[in-house]
Amino acid sequence: MLKSQREIDLMRVAASTVSEVLDELVAMVAPGVTTWDLDAAAEAACRVRGVTPAFKGLYGFPACLCVAVNEEVVHGIPSKRKVLREGDIIGLDFGVVYKGWYGDHARTVHVGVVSPAAERLVRVARESLEAAAAACVPGARLCEIGRIVEGHCTAHDYTVVRDFVGHGIGRKLHEDPQVPNYYDPNDRQMLKAGMVICIEPMVNAGAPDVRMLADDWTAVTADGALSAHFEHTIAVTEGGPVVLSQSGWGAKAGAALA
Ligand code: MG
């Protein structure tokens, strides 16, 4: 479960590559673009960079990219029929494998100009992740993450989804421990240097409940309210938290570590 510095360096290449691919996808997001177009671009970007898309085929998921438009929470399947419209928000969740190591990262972005309510939801969801990431120091309790995420969101009258949680990551996409976005005071686990975890708040404007669409993948809010999702891959180190899923280490550092 604990990773060496070299393993963390390899994971940083993976996670940074995810961020760099998401930079490209975010630049494409506009009214008229389909979620299929975004998936195709993600797959092509992996080919260019010599990394493997992490999600395609995992548990049977049929695409490289998970998308979530408006009331969709997570795990939407890209489709030629899903055309982005002005005022939508879209969550882009993507992962890659580099030399056997996984990186995982998600952002929710605006399609054109969005309502003030949508803008606020997206901002608060992002802030909840940033605040929780900053608390990932050795010796902190794991439940502190959920306390911070849930506290920030409920302070803005939002709710956090409980049906899906963050996770450890490494040679598999999903490793122990589970990382809930809600506070569980009975969770006695501690953060240790060498742990690498994914924190991924899913924040709803309405109730926390979700339901599955008939495709058995797409989770949507049960009440149809908007939802926003952000995720980072974070290493807990003696020097403090290191957000691995930031652009700048992918293509460049990968060559150095080869
Ligand atoms: Mg994840």
Worksheet entry | Distant-in-sequence amide H partners of Val69 (H built 1.01 Å from N, under 5 Å) | Gly91
Item to complete: Go through Val51, Ile234, Pro62 and say which Cα lies farthest out towards the positive end of the charge dipole of the chain; charges sit on Cβ, +1 for Lys and Arg, -1 for Asp and Glu.
Response: Val51
Worksheet item: Any idea what the dipole of the range 5-252 comes to, in debye rounded to 20, about its Cα centre with Lys/Arg Cβ at +1 and Asp/Glu Cβ at -1?
Response: 600
Worksheet item: Counting Lys and Arg as +1 and Asp and Glu as -1, what is the net charge of the other residues whose Cβ lies under 14 Å from the Cβ of His174?
Response: -4
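Using only DSSP helix segments of four residues or longer, with each worth -39500 (n - 2.57), what per-residue ellipticity at 222 nm results for the chain after dividing by its residue count and rounding to 500?
Using -39500 (n - 2.57) per qualifying helix, the result is -10000 deg cm²/dmol.
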Discussion item. Less than 10 Å Cβ to Cβ from Met1, Lys/Arg counted +1 and Asp/Glu -1: what total charge do the surrounding residues give?
Written reply: 0
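Round to the nearest 0.05 the FRET efficiency obtained for Val48 and Asp215 when R0 = 45 Å and r is the Cβ-Cβ distance.
Rounded to the nearest 0.05, the efficiency is 0.95.
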Worksheet item: At what distance in nm do the modelled label points of Arg141 and Gln189 sit from each other, each positioned 7 Å from its Cα along Cα→Cβ?
Response: 1.5
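Find the percent of Cα-Cα distances in the range 5-252 that exceed 27 Å, and round it to a whole number.
30
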Worksheet entry | GNM result for the chain, Cα springs below 10 Å: residue of Ala30, Ala42, Ala205 fluctuating most strongly | Ala30
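Just to confirm the filter: which GluC sites (Glu not before Pro) across the range 164-258 are DSSP coil and have at most 16 other Cβ within 10 angstrom of their Cβ?
Details: sites: Glu175, Glu231, Glu238; in loops: Glu238.
Here the sparse-neighbourhood loop sites are Glu238.
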Worksheet item: Can you give the net charge of the other residues whose Cβ lies under 11 Å from the Cβ of Gly100, counting K and R as +1 and D and E as -1?
Response: +2
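Only the coordinates and a few stated rules stand behind these numbers; no lab work does. Being a predicted model, the structure only gives us computed values, none of them experimental. Cβ coordinates were reconstructed from backbone atoms using ideal geometry, including for glycine residues, and neighbour counts include every protein chain displayed.
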